[in-house]
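The values are calculated or read from the model by the stated rules, or taken from the named source; none is laboratory data. Here the structure is a predicted model, which is why all the values come from computation and not from measurement. Counting neighbours? That spans all protein chains shown, and the Cβs are built from the backbone with ideal geometry, glycine included.
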């Protein structure tokens, strides 16, 4: 009789660790595979996951997807000024990549089922399962936390019984997700819309007290819509993102505090920390504002909004996303140049932008000055709002 | 033979002062009427305009439209999160009111023509003339600066010849427009997209050095979409706007630096100073985010964008604006509550929001918890992106 | 011990009849209430439902909601040019009213549960339940067809066993829903996108052979966005809709054949017969085109599209729908006038339109001719596409 | 002294013929070049233009651009379901090509100026001049009809004096523009919105009396978004368009009667005859409806609307148009398949569609049926409109 195998998308945390014995004992799998994908895990967590997996006797795979995450997920997000309701979609865009890597292992090992640790109220179940179902439509997906609605207390007890190291899980107040594009912090009072988040939840951005005491001017250089250098220093994509986090964070820039409408319809207050996004995206947008026509600027707002919705919903492989990206990518070759920002104590202000594709330059300022006589504006002004004026003449009939 | 009368929309500045003798000598008017509308003029300017008008012998009218500007122009802008390309449309929305007051005088005096001081490259000619043509379609409009493309030097010489006091006009580097909703500063190198604006152009917002040295938490209370109190103190609309300027400005909040596409198609770099707008509008938006559904939030972005375009173009009496405002106003009764901001050294962060119309509250967080079982999410997740998944199965045929 | 009562939304058809004994025997209700709402049932069906209910011993309510359906549901749809993907949303907009009437009875009788006959693949379950949950959030809803996925054969056998008259159910090929705004016909091969629907499914629209042999010119008069007279004869709302069906149907106008994306994500081919909608809505739109500005026309397309989506989804009481209707209703007072159509053998062509609010009339054609000199167009033409031209000068750098 | 040369965009009609002597006598050109571009001129008109040019002694160029017009202008319009306010933009998209061909000649001959025959009220001046200014920004453009506002009578007298053959110009009632994509007919009473157009203005579409007496079923096959075969017969692009005109016209399909908002703001009633467009575009759209996701369908409406506006305005080389086409073209490879239409006496009804990229087929109808249990719909239905229901609970606070 063939051994039945399940693949767990494994973070090393309490939820997914609990899944390991459960898959064996309650779901009847003979063989458990765990896959941990590094898209920017906090220091030590990858190793910790590996050790736990070893202890719990799974066939474990650690996958370093950090560079792929930057070039194939973060960079498209930058081109789209990636945002959903004020949130720079950091967790959202990592989920499809993690699922994709899990699918790659699953295909190679020919597993019989997927397992993930998401609950039934959040967004991640949608993001993971969309990718799994897209690329392995016939493989069942098990979500024990959704099926059984377990409490944290129950999980800790269960873990202790099964010999799962629980570390600081017992004292954990905040539920944190961290990757190269940002941190999300949830739990406790943070959901309450009118509760000012305590300083302690922030680790990447300095407080107003500790932030640098003089402004930092930073110049980000873009080529074809993506950042390639900071302050004149060319960097690899990964290094550039890390450097951007550091500069922004040192100046207290990157805290996000919003009301977010989740996919199932719940409105929740969310706190994020996205220093790099909060300087790169305003810079990218400022450059677009320099090189795009009025109509392009106005319409790209709609395109970006739709892109942000799809990315938030984890629909990374939706054809509509391809369509939107075709629009977006048509513009990006022009999004080449440099933007200077002034960062200080939490504020970020664009103070300069330059591009050889600018629809402004000293010559263009006098564009048409040879042929455009100011008096020729008369006709333009006279016809301005003509139908609105007609309307006034007929409206009181 | 009847005396011919012209009405000059009069700021008291060089351009419109030059128009006075010109109307008599070059355009053949017997009688010159000047109208100065106060929508938040810098201290002393109204009086100065009156004195100049007296000196130059016009029939002068000073009109205090400050309260009307706040309630009938700034407040609708707040409801629409009034913005065009990052600019809180401060000058834009004052022009229709100024023109409207000029029309009222013009109708009473039965004048034969209007005169204004706008050039042929800017936006203000559109805003003034749209209102004049809407309400007095048969009255000609004269724009000497547009007709003759005069230089500043020529104007100063002409003014001296005609005995017009020119004050500091000779040394003026910046061209400034100031009203209750903001200041715009133009001239010199400021148009250059990559030139960091010098500190001296800002007078309402403190520099990072001089701004308050500890954060300010401010709570703005809204009723029906408009601000009614700050930090618990109810204020008249006018007082509230002035107070908001003070609080924001003291914390260095309110500087706007953008690439703006003008109506005739020129892209220019613009600098504005709009402290009140930069705290009231984020607060208003944060409250909308709390009380609106997901779909309402996404669509209001489009409605606000269109409203901003119309307001920027001075189409204050366009029926399309009425339509958009009907949509906007349908939502506003719910935009009632309080938002807390943390201001510091140029940064403005929403840190709390509350409303009795919130689609979140402790009870609602558990909304449907009686009936919604997490396991019921399975069906939702399974159908998520179904067509996108179908697409993948057929796309490589 | 109190008697437990269930209210069945009752059409008199097989599905909902089967629910009656099932509610008693399988779900343990002591008392069954049936509610049949007439929003334009085929002749005889209301009576038939009443007789069946009597036979099966329920407490039955027949509610004539036809006038309310026309004025409060069809009329708003006309104002919004009500459409979803080419479908004039006839069934969609009837469901909320039917549910609403059921809720009214349910509140009066204080029932313990709702029951409806929808399956789990279609749209109607969403439309019914949204209204029930909105107005009676704590009352459970039972959908036996969804829970048990019964086959038609099983239902017929069960019905025979329980003494439910099954009429022609046995021979029924098509599944038909009919109300005052249209008929939908499903079943058999009709779902196949490439199968030309047979003539027999159409009963309101004549075939090309039987349609009138000469064109019919019909003039529909509107006031405030709704039709008030046909060919000069004022009619009640209900009579007008019936007359419109007759005129359009006699000329073979009103067949709709589209690919429709259902709410759960299935794409299906649908056939509808909506004669009145297919002449009234084009006429309404033609009148809007006459009285609205260019921008209003373009933006109302988006507003109408969103309205159509909400109406299709049965979200009749969504605040977003109120917002969109505020926009729509702002325009409608101008949508007053008359439109003439030429109908013939399936075609419908607008051939004339008139309104006192037209932004065209003989005088307005010469609008501005006093002041607008053709030569003044030069400036407008010269600045046309200025940024696009700038783009060409920089793009190959 | 070098000879000064002007290039006239020459139709052979009265207006542009009058320009020839005028350029010599009133504008001082030594040398007149005429260029006639055939994008589907009525039979004989090209030859007639050549003869007139010879008679009037110009250096004449006749350019056959018909194939280029179909593949590079009509085909992109089909992909975008090319439409502006109901008008299939036939004249609009020909103008840029005509201007482009004129520019090519102008560059080769190094001419000193362009001349065209457009007036100052219409759209064509914008379309011609945008292309000329884009590609030869320093070459002046002369528009005598706009400068002088000549009457028809004056032109005829002038032509007679100068020996220009005037043909039937004297008796011409209608002003007609004709190309491969459609005819536009203007003049006389046709502008009046409530005047039913007389049968005589139509030459490509048969009247209801003369149209074929039985329905025609026609199948149009598409590959990559463009038509490639009719009724199974592959054809060249040009032949296919001509065949489509014939089939549609024989069935009286293709008349367009709309209120159109011109670029300068005038609203006018327009009559067009576009038989091919009126069957190809509905077929193209029906195929898109079969292969696109719900979201793609909804958003493409916006993209197509914007594309139609740009095309109408003659902004054929605007970067925004490139962006929109990138979106559109991303979808087109899937728009491959066949659509069957039933044409009869002016009506056109889609009755079947098939594509290997359909998001529907017999297999997909049962898509997920292995995994999707109807009872799983419960969760989807329960969360439907959740925020709207929350809103109802808080709105009356």
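Assuming residue B:24 fulfils every condition listed in (1) touching a residue at least 60 places away in the same chain (Cβ under 8 Å); (2) under 22 Å from residue B:158 (Cβ atoms) apart from one, which condition is it?
Failing condition for residue B:24: (1).
If you go through segment B:104-121 one residue at a time, how many are surrounded by fewer than 21 Cβ atoms within 10 Å (Cβ to Cβ) and within 12 Å of chain A (Cβ to nearest Cβ)?
2
Checking residue A:173 against (1) without any contact (Cβ under 8 Å) to a residue 60 or more places away in the chain; (2) closer than 23 Å to residue A:57 by Cβ, which single condition isn't satisfied?
Result: residue A:173 passes all but (2).
Going through C:244, C:286 one at a time, which residue ends up being touching a helix residue (DSSP H, G or I) at 6+ places or on another chain (Cβ under 6 Å) and either in a loop (DSSP other than H, G, I, E, B) or at pLDDT 95 or above (or both)?
Result of the check over C:244, C:286: C:244.
Go through the residues of segment B:344-351 one by one and say whether even a single one is in a helix (DSSP H, G or I) and buried (at least 24 other Cβ atoms within 10 Å of the Cβ).
So far as segment B:344-351 goes, no, none of its residues is in a helix (DSSP H, G or I) and buried (at least 24 other Cβ atoms within 10 Å of the Cβ).
Being assigned to a loop (DSSP other than H, G, I, E, B) and either in the same structural domain as residue D:39 (by TED's automatic domain parsing) or in contact with a helix residue (DSSP H, G or I) (Cβ under 7 Å, 6 or more places away or on another chain) (or both) is the filter here, so list the residues in segment D:201-218 that pass it.
Passing the criteria: D:204, D:205, D:206, D:207, D:211, D:212.
Being out of contact with any helix residue (DSSP H, G or I) (no Cβ under 9 Å at 6 or more places or on another chain), closer than 25 Å to residue A:38 by Cβ and outside the structural domain of residue A:80 (by TED's automatic domain parsing) is true for just one of A:186, A:221. Which residue is that?
Going through A:186, A:221 in turn, the sole match is A:186.
Would you confirm, using the coordinates I've provided, whether residue C:160 is free of Cβ contacts under 8 Å to residues at least 24 places away in the same chain and out of contact with any helix residue (DSSP H, G or I) (no Cβ under 7 Å at 6 or more places or on another chain)?
yes
Would you mention how many residues in segment B:129-145 are outside any loop (DSSP other than H, G, I, E, B) and in contact with a strand residue (DSSP E or B) (Cβ under 9 Å, 6 or more places away or on another chain)?
6
How about segment D:21-39: which of its residues are under 19 Å from residue D:101 (Cα atoms) and buried (at least 22 other Cβ atoms within 10 Å of the Cβ)?
Residues satisfying the conditions are D:32, D:33, D:34, D:35, D:36, D:37, D:39.
Out of (1) surrounded by fewer than 23 Cβ atoms within 10 Å (Cβ to Cβ); (2) part of a loop (DSSP other than H, G, I, E, B), the odd one out for residue A:238 is which?
Among (1) surrounded by fewer than 23 Cβ atoms within 10 Å (Cβ to Cβ); (2) part of a loop (DSSP other than H, G, I, E, B), residue A:238 violates only (2).
What about residue C:16, is it surrounded by 21 or more Cβ atoms within 10 Å (Cβ to Cβ) and without any contact (Cβ under 8 Å) to a residue 60 or more places away in the chain?
So residue C:16 fails the test.
Report, by residue number, each residue of segment C:252-283 that is in a helix (DSSP H, G or I) and under 22 Å from residue B:298 (Cβ atoms).
none
Just need a number here: residues in segment A:97-128 that are within 22 Å of residue A:24 (Cβ to Cβ) and part of a helix (DSSP H, G or I).
So the answer is 6.
Among all residue pairs at least 6 apart or on different chains, which show Cβ distances below 7 Å where the first residue, located in segment B:254-265, is away from chain C (no Cβ under 14 Å) and the second is modelled with pLDDT under 95 and assigned to a loop (DSSP other than H, G, I, E, B)?
As it stands, the answer is B:257/B:197, since those pairs meet every condition given.
Among the residues of segment A:310-323 satisfying the criterion of being more than 7 Å from chain D (Cβ to nearest Cβ) and in a helix (DSSP H, G or I), which is surrounded by the most Cβ atoms within 10 Å (Cβ to Cβ)?
If we take residues in segment A:310-323 being more than 7 Å from chain D (Cβ to nearest Cβ) and in a helix (DSSP H, G or I), then A:311 is surrounded by the most Cβ atoms within 10 Å (Cβ to Cβ).
Looking at segment B:40-60, which of its residues are over 31 Å from the mean Cα position of the chain (by Cα) and either outside the structural domain of residue B:128 (by TED's automatic domain parsing) or crowded, with 18+ Cβ neighbours inside 10 Å (or both)? Lay out the reasoning, then the answer.
Of segment B:40-60, the ones over 31 Å from the mean Cα position of the chain (by Cα) are B:55-57.
Passing the criteria: only B:56.
Please specify each residue of segment A:164-200 satisfying the condition of being closer than 24 Å to residue B:355 by Cβ and part of a helix (DSSP H, G or I).
A:188, A:189, A:190, A:191
Quick test for you: out of A:253, A:335, pick the one residue that is at pLDDT 95 or above, more than 18 Å from the chain's Cα centre (by Cα) and over 30 Å from residue B:394 (Cβ atoms).
When all the criteria are applied, what remains is A:335.
Which condition number in (1) at pLDDT below 95; (2) touching a helix residue (DSSP H, G or I) at 6+ places or on another chain (Cβ under 8 Å); (3) away from chain B (no Cβ under 14 Å) is the one that residue A:93 fails?
Unmet for residue A:93, out of (1) at pLDDT below 95; (2) touching a helix residue (DSSP H, G or I) at 6+ places or on another chain (Cβ under 8 Å); (3) away from chain B (no Cβ under 14 Å): (1).
From the set of residues in segment A:146-157 that are more than 8 Å from every other protein chain (Cβ to nearest Cβ) and outside any loop (DSSP other than H, G, I, E, B), which is nearest to residue B:390 (Cα to Cα)?
A:148
Looking for whichever is at pLDDT below 95, in contact with a helix residue (DSSP H, G or I) (Cβ under 9 Å, 6 or more places away or on another chain) and either assigned to a helix (DSSP H, G or I) or facing another protein chain (nearest Cβ under 7 Å) (or both) here; the options are A:302, A:364. Which one fits? Write out each step before concluding.
Working: A:302 fails: at pLDDT below 95.
Step by step, each of A:302, A:364 is checked, and only A:364 is at pLDDT below 95, in contact with a helix residue (DSSP H, G or I) (Cβ under 9 Å, 6 or more places away or on another chain) and either assigned to a helix (DSSP H, G or I) or facing another protein chain (nearest Cβ under 7 Å) (or both).
From the list A:135, A:130, which one is crowded, with 24+ Cβ neighbours inside 10 Å, within 14 Å of chain B (Cβ to nearest Cβ) and more than 20 Å from residue A:268 (Cα to Cα)?
A:130
Looking only at segment C:210-223, count how many residues are exposed (fewer than 14 other Cβ atoms within 10 Å of the Cβ) and closer than 17 Å to residue C:284 by Cβ.
The number of residues fulfilling the criteria is 0.
Name the pairs: first residue in segment B:44-59 and under 18 Å from residue B:29 (Cβ atoms), second residue at pLDDT 95 or above and loosely packed, with under 15 Cβ neighbours inside 10 Å, Cβ to Cβ under 9 Å, at least 6 apart or on different chains?
These pairs meet every condition: B:53/B:59.
Among the listed residues B:279, B:351, identify the single one that is more than 7 Å from every other protein chain (Cβ to nearest Cβ), closer than 27 Å to residue B:249 by Cα and in contact (Cβ under 8 Å) with a residue 60 or more places away in the chain.
Testing whether each residue is more than 7 Å from every other protein chain (Cβ to nearest Cβ), closer than 27 Å to residue B:249 by Cα and in contact (Cβ under 8 Å) with a residue 60 or more places away in the chain leaves just B:279.
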